[in-house]
Amino acid sequence: MNDAHSDGHDVVRPVVIDSPNRRLLLIPSVPDREIRWTLLTVPMRLGETSRRAATRHLRRVVRLPALRISPLIGRLSRRDAPEGVQYIVVVRPAAESCPPSVRFALAPEARWWTTAELRSARALVEPAELLDFMDGYWDGWLPDGEISLE
């Protein structure tokens, strides 16, 4: 898996989910005065896997409870650093459901969404491929392992 050899330009974008309700936690960003719903961007250290980088950041920095990370990993080029890669990993608390504090720990302005709600609201999402990726995850038609989202 290519993901084990970060050169300092790679990032991981963890998708914190609430599995029972098929929701994902997104953070608003306002570039160019237009709200976009996005994910955390965590720099990967040299030799660190995307899963390890996501766990390190979410456990130590955000202080989330014990986590489970899906074996499914999405890979995209970085638009802001063309020489880098961004990995999307699906993360859920090890407990059956997300404690309410998860949203506030990630970002006070974070919001839970379903992919259907995002589509019906015509919300801008970054990366744009996230909605199809999550639908594939929820519906089980994406294989485990690393897949290209481009």
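Quick notes on this structure:
- The stretch 1-93 - percent of accessible surface contributed by carbon and sulfur, probe 1.4 Å: 47
- Mean Cα-pair separation over length for the chain, i.e. relative contact order, pairs under 8 Å, 6 or more apart, %: 31
- For the stretch 6-96, GluC sites (Glu not before Pro) are listed when DSSP marks them as loop and at most 12 other Cβ atoms sit within 10 Å of their Cβ; the list is GLU34, GLU83, GLU96.
- Percent accessible area from carbon and sulfur atoms, the stretch 103-150, protein chains only, probe 1.4 Å: 51
- Per residue, the convex hull around the alpha carbon atoms of the stretch 29-150 comes to 128 Å³.
The values are calculated or read from the model by the stated rules, or taken from the named source; none is laboratory data. Quantities reported herein were computed from a predicted structural model and do not represent experimental measurements. Using ideal geometry, Cβ is built from the backbone for each residue, glycine included, and neighbour counts are taken over all protein chains shown. The protein model used for the area step is the full one, side chains on, heavy atoms only, and it has no ligands, DNA or RNA in it. Shrake-Rupley method; radii C 1.70, N 1.55, O 1.52, S 1.80 Å.
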